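Scroll down for the structure; my scribbles are underneath it.
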Amino acid sequence: MVADLGASDVFGPATCPRLIVKVGSALLVAPDGQARREWLASLVADIAGRVAAGQQVVIVSSGAIALGARRLGLPKGGRASLEDAQAAAATGQIALSSIWAELLGAHGLTAAQLLVTLDDLEDRRRYLNVSATLGRLLTLGVVPVVNENDSVATEEIRFGDNDRLAARVGAAARANGVVLLSDIDGLYDSNPHGNPDARLIPHVAQIDADIMAMADTRSSSGMGSGGMVSKIEAARIATAAGANLAIATGRIDHPLAQFGETGHGTVFATAGNAPARKAWLSGGLTDRGSIRIDAGAARALSSGRSLLPAGAIEVAGDFSRGDLVRIIDAEGRAIARGLAEYDAGEAARIVGRRSDELADLLGYAPRSALVHRNHMALL
């Protein structure tokens with residue numbers, strides 16, 4: 001589903017006081033492993049112009065592994081093994097942060113570095129700490145530079161791409177907009193590298209099945225870790241948190257200024273601001289299990305009701321009370337995320353049961369819902 005929105009309408013300083021700018025590895029690092037300093041200088045000039053106009057900017061920057069791999073002489077760009085990637089990230093992050101600090105400093109701007117893991121943004125308390133740090137830095141006029149802490153991340157516990165990281169950082173920062181500068185200039189109705197007649201989709205009002213069908217999991221550069229699927233997932237996270245998200249080309253000098261002037265790219269429109277807790281819940285990337293529900297329960301959730309045991313069909317996973325769980329409909333589509341009021345074993349015992357049966361089944365006075373509406377976000 002498409003909407004008629006332009007870049008200047010939704011990403012200008014007046015309408016977007018707080019902006020996240022994500023820079024991919026293929027833009028920041030040349031194939032020989034060197035930083036593309038001239039291009040970066042043009043982007044930093046754009047960012048400085050935004051800050052001067054009153055906009056607060058957070059940079060989400062890839063590139064540490066690529067830069068570190070060159071310095072260490074590691075094969076396959078540092079991605080031959082998890083250990084190589086961790087070593088390359090630890091080495092390259094110093095170089096990456098110094099480049100950003102130097103270029104921003106040339107415009108009188110102070111840079112700050114934040115390295116985060118998936119757990120930092122999935123755990124509620126740590127997420128709030130990140131949010132508070134970002135908020136304070138921005139009010140001080142600092143430009144935070146955020147990256148995943150790949151030196152300690154593992155294959156099981158990591159974002160894996162900075163598209164979704166940028167969207168989650170946007171939610172934590174309560175940003176109004178996210179711009180993904182990429183090696184592709186937007187969402188196409190088919191892969192533009194294989195189909196010269198592929199059509200750019202300029203505006204998306206709702207991420208539905210038709211939009212998901214346009215995604216391609218491959219990155220055109222081979223250097224980055226994200227494809228169009230990760231960008232659409234990032235758009236889902238950002239728009240649910242109340243931020244518009246754009247995919248725009250970074251294959252030109254002054255890419256942020258050019259995007260603002262031409263609007264060339266794809267803009268995913270938000271339906272409006274979401275409460276902070278709901279934004280955190282809806283943007284969650286990990287869960288401990290799932291609860292399958294019937295059609296009647298799905299309708300009740302869509303009207304703002306809690307999930308009661310009577311509407312549940314099946315419980316899967318090993319979760320405890322307070323863990324994030326995915327709520328899926330009878331066809332297996334995820335329709336909500338929320339915090340479980342019961343552990344998995346107890347939840348399985350009361351699936352499909354009426355409220356007046358629960359005390360006898362559990363042996364204690366039951367809680368009112370499997371997942372309460374106050375601790376749930378619809379997707």
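I'd like the distance separating the alpha-carbon centroids of the stretch 25-99 and the stretch 282-361, in whole Å. After rounding, the separation between the Cα centres reads 42 Å. Annotation: lysines with alpha-carbon distance below 23 angstrom to Lys22 (same-chain offsets under eight excluded): Lys231. Put simply, the Cα atoms of the stretch 16-70 extend 37, 18, 13 Å along their principal axes, the longest span coming first.
For Lys278, give me every one of the aspartates and glutamates with a C-alpha distance below 16 angstrom, ignoring sequence neighbours fewer than eight places off in its own chain. Here the aspartates and glutamates satisfying the reach criterion relative to Lys278 are Glu122, Asp123, Asp287, Asp323.
The alpha-carbon atoms of the stretch 1-139 define a convex hull whose volume equals 156 cubic angstrom per residue.
Using the average count of surrounding beta-carbon atoms within 10 Å as a protection proxy, the listed peptides 277-284, 372-379 rank, highest first, as 277-284, 372-379. Charged side chains reduced to their Cβ positions (Lys and Arg at +1, Asp and Glu at -1) give the chain a dipole of some 800 debye around its Cα centre. The slack in the chain from Leu379 to Ala365, taken as 0.36 nm per residue of separation less the alpha-carbon distance, amounts to 1.9 nm. A dipole drawn for the stretch 7-280 from +1 and -1 charges on Cβ atoms has a positive end, and of Thr139, Ala87, Ala246 the residue lying farthest that way is Thr139. Placing R0 at 30 angstrom, the Cβ-Cβ distance between Ala316 and Asp356 gives a FRET efficiency of 0.70 after rounding to 0.05. Each part reduced to its alpha carbon centroid, the stretch 158-208 and the stretch 250-268 end up 13 Å apart. Here the Kirkwood formula puts the hydrodynamic radius of the stretch 83-166 at 13.8 Å, using every distinct Cα pair. Along the chain, the longest continuous region that contains none of the GluC sites (Glu not before Pro) in a DSSP loop with at most 14 other C-beta atoms within 10 Å is 157-330. Between Thr249, Thr286, Thr117, the Gaussian network model of the chain with springs among Cα atoms under 10 angstrom shows the greatest mean-square fluctuation at Thr286. The GNM of the chain, with springs linking C-alpha atoms under 10 angstrom apart, assigns the highest mean-square fluctuation among Gly73, Gly227, Gly194 to Gly194.
Both radii are taken from the alpha-carbon atoms of the stretch 287-378; with Rh as the Kirkwood radius, Rg/Rh is 0.92. Among beta bridges from DSSP that stay inside the chain, the antiparallel ones total about 40%.
Largest first, the extents of the alpha carbon coordinates of the chain on the three principal axes equal 70, 45, 45 Å. In this rough spin-label picture, where each label sits 7 Å from Cα along the Cβ direction, the Ile335-Ile94 distance is 5.4 nm.
No value in this document is a laboratory result; all are computed from the given coordinates. The shown structure was predicted, so the numbers you read here are calculated from the model rather than taken from an experiment. Methodologically, a virtual Cβ is constructed for each residue, glycine included, from the backbone with ideal geometry; neighbour enumeration extends over all protein chains shown.
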